[in-house]
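Here is the structure we will look at.
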Amino acid sequence: MRDTFILGRFDRNLADIKRWAIVRTIRDQSVAEHSYFVAMMTPRLLREYGYDDPEFILSATEYALMHDRDEVLSGDIATPIKKRIQSDVFGAIAEEFGLKVEADDAVKAAVKVLDLFEAALFLAEEVAMGNGRVVDILTVIKRKMAGACKAFEEKCPYEVGATDSTKLGLNSRLSHVISYVQHSKIDPLEPDVY
């Protein structure tokens, strides 16, 4: 394994790795920006579902920050290509460079939901700015997010830490936020939107 002391020689480069390699977007997004937003949402989601151990939350947040860390080596590979490359190839390369991250199944499921949710939010903002070219991609990501929400809720049933909002269903709640963003209805100072 190669030396990745403290920040490592790769981590700062995540700010230079562009997402949406084959999608025309109005605004650029870096892997670092995407990972930051996923990491910011991870503790909230896990706490809502009854996970309140500080060490668990910290570990989950760290995983969320690093979930796409291996893209510093490959860039953001388009999904149609990524699906056709053997997954063990990415794992072996990430491990060789000390970029492989591990997590509990519940954390992986939560980060998968939030990875797709953040992508959907980015594309919803693009639509709100007039980029109609991403509507079909947004639809696909929302469908994937619905599946990821179902998988997460099977691993982490809301009865564990039930609140009124978790009883509504995660996909419904996230889809509502995406719709608001897409139609430019989000006021960041409005407390009841989320």
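Structure data summary
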| read-out | value |
| --- | --- |
| Inter-site label distance for Glu154 and Asp104 at 7 Å from Cα along Cβ, in nm | 2.0 |
| Label-reachable residues, region 108-138, where backbone N falls under 16 Å from a point 7 Å from Glu62's Cα toward its Cβ | 108 |
| Calculated FRET value between Met40 and Asp136, using beta carbons and R₀ = 35 Å, to 0.05 | 0.80 |
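Values quoted throughout were computed directly from the atomic coordinates according to the rules given, and no laboratory measurement underlies them. Small disclaimer: the values here were computed from a predicted structure and weren't measured. With ideal geometry, Cβ positions are generated from the backbone for all residues, glycine too; neighbour counts draw on all protein chains shown.
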